[in-house]
Amino acid sequence: MEQTTAPLIIVDGGLASLIALACASDEAVSIGSGRSVGPSALTWLPPVYSTSDRERGGAVERQSALFNAKKLSKSHRDEPLRQHHESGDSGQAATQLLFTALAHADEIRSTRVVWPAHPGRASDDSAIDLDLASSIIDRALLVEQLAKLDAGSNARPITIETPHADLTDQQLVEIAADLAVPVKTLWWWGGSSDEAMRERERWEPLMHDSGLTKLAERRTVASR
């Protein structure tokens, strides 16, 4: 199998991973990108969202199709992840998530993993959780370095990118507005579960202020 320049993006059907997909699509079609014909990205949805797996899976399917990305199939590599996630140790779960993503990237011969985790605070859209921001950056770097050490000097290096590790909720929405991302593809849009309602309460006011909600409404009218 030939090496691909398309990144593996860890997705969850939410806003941060939707932005990462949009950026990968823009990169793939930019002049002089040097990409070969193929998907703009490979998307991987970890099986750790027990109450919203179905909604997130549907959202990732829609988003992948819109941005010419390819969704990875379920794999035996993913089986231990839910157990780690449900153990209550979020740090260990995140570490296992990244090691599994690297294994997937190696299998499909991608040299980049994009982890669009971000440390925004639901209670304050203009601030970040500094401890979480540091954890995201440090964990990605340490897992990347440890994987390189275990693989040996002749192995193909795979980087872990954390493009949203220093962004507030407000900043993330501003980027989404600049990219005009299709927010109606988000997993929680129109959902009625408690989790979906919490996501709407967190993001919809910011989307309204940025004009993203009006853009989504205009797209709906135009498609009729």
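Is it true that residue 153 is hydroxyl-bearing (Ser, Thr, Tyr) and modelled with pLDDT of 95 or more? Considered against the rule, which asks whether it is hydroxyl-bearing (Ser, Thr, Tyr) and modelled with pLDDT of 95 or more, residue 153 comes out as no.
If residue 9 satisfies every condition in (1) aliphatic (A, V, I, L, M); (2) within 13 Å of the chain's Cα centre (by Cα); (3) assigned to a helix (DSSP H, G or I) but one, which is the exception? Of everything listed in (1) aliphatic (A, V, I, L, M); (2) within 13 Å of the chain's Cα centre (by Cα); (3) assigned to a helix (DSSP H, G or I), residue 9 misses just condition (3). Looking only at residues in the range 148-187 that are in contact with a strand residue (DSSP E or B) (Cβ under 9 Å, 6 or more places away or on another chain) and in contact (Cβ under 8 Å) with a residue 60 or more places away in the chain, which one is farthest from residue 214 (Cα to Cα)? Of everything passing the filter in the range 148-187, 160 is farthest from residue 214 (Cα to Cα). Residue 131 satisfies every condition listed in (1) more than 14 Å from residue 19 (Cβ to Cβ); (2) surrounded by 13 or more Cβ atoms within 10 Å (Cβ to Cβ) except (2). A single member of 141, 81 is out of contact with any Pro (no Cβ under 7 Å at 6 or more places or on another chain) and surrounded by 12 or more Cβ atoms within 10 Å (Cβ to Cβ), and it is 141.
Within the range 107-118, residues that are under 17 Å from residue 38 (Cα atoms) sit with their Cβ atoms under 6 Å from residues that are of a type in the set (A, V, I, L, M) and assigned to a loop (DSSP other than H, G, I, E, B), at 6+ positions apart or across chains, in these pairs: 109/1; 111/158. Contact map, the range 47-76: residues that are at positive phi paired with residues that are open to solvent by less than 80 Å² (accessible area, probe 1.4 Å) and modelled with pLDDT of 95 or more, Cβ distance under 9 Å, separation 6+ or inter-chain. Pairs shown: 68/41. Among the residues here, residue 22 does not qualify as open to solvent by less than 30 Å² (accessible area, probe 1.4 Å), touching a residue at least 60 places away in the same chain (Cβ under 8 Å), outside any helix (DSSP H, G or I) and out of contact with any Asp or Glu (no Cβ under 9 Å at 6 or more places or on another chain).
Taking the conditions exactly as written (within 27 Å of residue 189 (Cα to Cα) and out of contact with any Pro (no Cβ under 9 Å at 6 or more places or on another chain)), does residue 90 satisfy them or not? Here the answer is yes, as residue 90 does meet what is asked.
The values are calculated or read from the model by the stated rules, or taken from the named source; none is laboratory data. These figures come from a predicted structure and were not determined experimentally. Cβ coordinates were reconstructed from backbone atoms using ideal geometry, including for glycine residues, and neighbour counts include every protein chain displayed. To get the accessible areas, we keep the full protein, side chains included, count just its heavy atoms, and leave off ligands, DNA and RNA. Shrake-Rupley method; radii C 1.70, N 1.55, O 1.52, S 1.80 Å.
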